[in-house]
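What follows is one structure encoded as structure tokens, with my remarks underneath.
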Amino acid sequence: MVTIVPIIDIVDALIVLGGLVSIHVLASLFTVWSVDFKCFTQYRKANDIYAADSCKLHRGVTNDVEYRMVEELYDHAGDGI
């Protein structure tokens, strides 16, 4: 059985590495620029409001939408809430 392995020289490897680095940088910047992207990559939906650590607030009219993240909604440990 013969296996064909492509030969990758240093220039090709650096091009691939540069592409991976730029994708990583853009993904990091998108989490700062877009609340929706940050929610998509770093959070998941909670089944109960008391299980949630953060929430996404929608503010504004339909054409002027502003989203905010609110972290640490409340400290419900021992409050009975």
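Numerical summary
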| read-out | value |
| --- | --- |
| Residue list for segment 1-47, restricted to those being closer than 30 Å to L57 by Cβ and of a type in the set (D, E) | D36 |
| Of all residues in segment 34-52 being assigned to a loop (DSSP other than H, G, I, E, B) and modelled with pLDDT of 80 or more, the one that is farthest from H24 (Cα to Cα) | D48 |
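The values are calculated or read from the model by the stated rules, or taken from the named source; none is laboratory data. Given the structure is predicted, the values throughout are model-derived calculations rather than measurements. Here the Cβ is made from the backbone with ideal geometry for all residues, glycine too, and neighbour counts use every protein chain on show.
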